[in-house]
Amino acid sequence: MFYIYTDGSAIGNPGPGGWGAVILHGKKRTELSGANRWTTISEMEVIAAVEALRSIPSGQQVRLHSDSRYLIDGMSYLAQRWRRYGWKNSRGAPIQHQALWVELMSLNSLHKVEWRWLQGHRGHWIQGRADQLAYLEARAALDGESVAA
C-alpha cells in the first residue's frame, strides 16, 4: 500500500503557487514538490495528486489524503459527471483544469486509489509536511527563484 499526502498553495490565488506530496511505502518516505509562477490553489491541489500518482509504478493500492474537497470530491464523483456532460458543470460552464482532470482520471485507472479527505491544519504531521512543501514552493515562485514555469 502506498500512502500519499498532498497539498497545494498559492499566494494571492491566483498568484505564484506550489504543490507538495509525501509518499509513504513500507519504511520509505519520498517527498515531491513543484511550482508555477501564476496559478490557483485548486490547480496546485490537482497537480500534487497527478505528480504523486505519476511517481509510483502502475497497479498499486493507494490511499491518497488531501485537505482539498475540490480534489477529493472531484475524484470521488464529480469528474465522472463532468466527463459525461462534456466537461461542463451544472450551470453549463466549462470545467476548469480539464486536461489535469483527464490525466488524473487516467492515472486513477492505473491504480486502486482510495480518495480520503483530511481536515487541514489539524496537527497531522505528514499532511503538515505536504502543506509546508507546497508553501515553500509558492514562496520560491513569488521570490523569483528557479521553479517550473
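At a glance:
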item: Residues located in the stretch 92-133, provided they are in contact with a helix residue (DSSP H, G or I) (Cβ under 6 Å, 6 or more places away or on another chain) and part of a loop (DSSP other than H, G, I, E, B); result: 95, 97, 118
item: Filtered residues of the stretch 64-91 (kept if over 14 Å from residue 105 (Cα atoms), under 13 Å from the mean Cα position of the chain (by Cα) and assigned to a strand (DSSP E or B)); result: 65, 66
item: Scope the stretch 45-77; condition buried (at least 17 other Cβ atoms within 10 Å of the Cβ) and touching an Asp or Glu at 6+ places or on another chain (Cβ under 8 Å); matching residues; result: 45, 48, 50, 62, 64, 66, 67, 68, 70, 71
item: Residues that are free of Cβ contacts under 8 Å to residues at least 60 places away in the same chain and in a loop (DSSP other than H, G, I, E, B), drawn from the stretch 1-60; result: 12, 13, 14, 26, 27, 40, 55, 56, 57, 58, 59, 60
item: Residue count, the stretch 15-32 (criterion: exposed (fewer than 15 other Cβ atoms within 10 Å of the Cβ) and either on the phi > 0 side of the Ramachandran plot or within 16 Å of the chain's Cα centre (by Cα) (or both)); result: 3
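Every number here is computed from the coordinates shown, using simple stated rules; none is lab data. Just so you know, these numbers come straight off a predicted model, no measurement behind them. Glycine also receives a Cβ, built like all others from the backbone with ideal geometry; neighbour counts cover every protein chain displayed.
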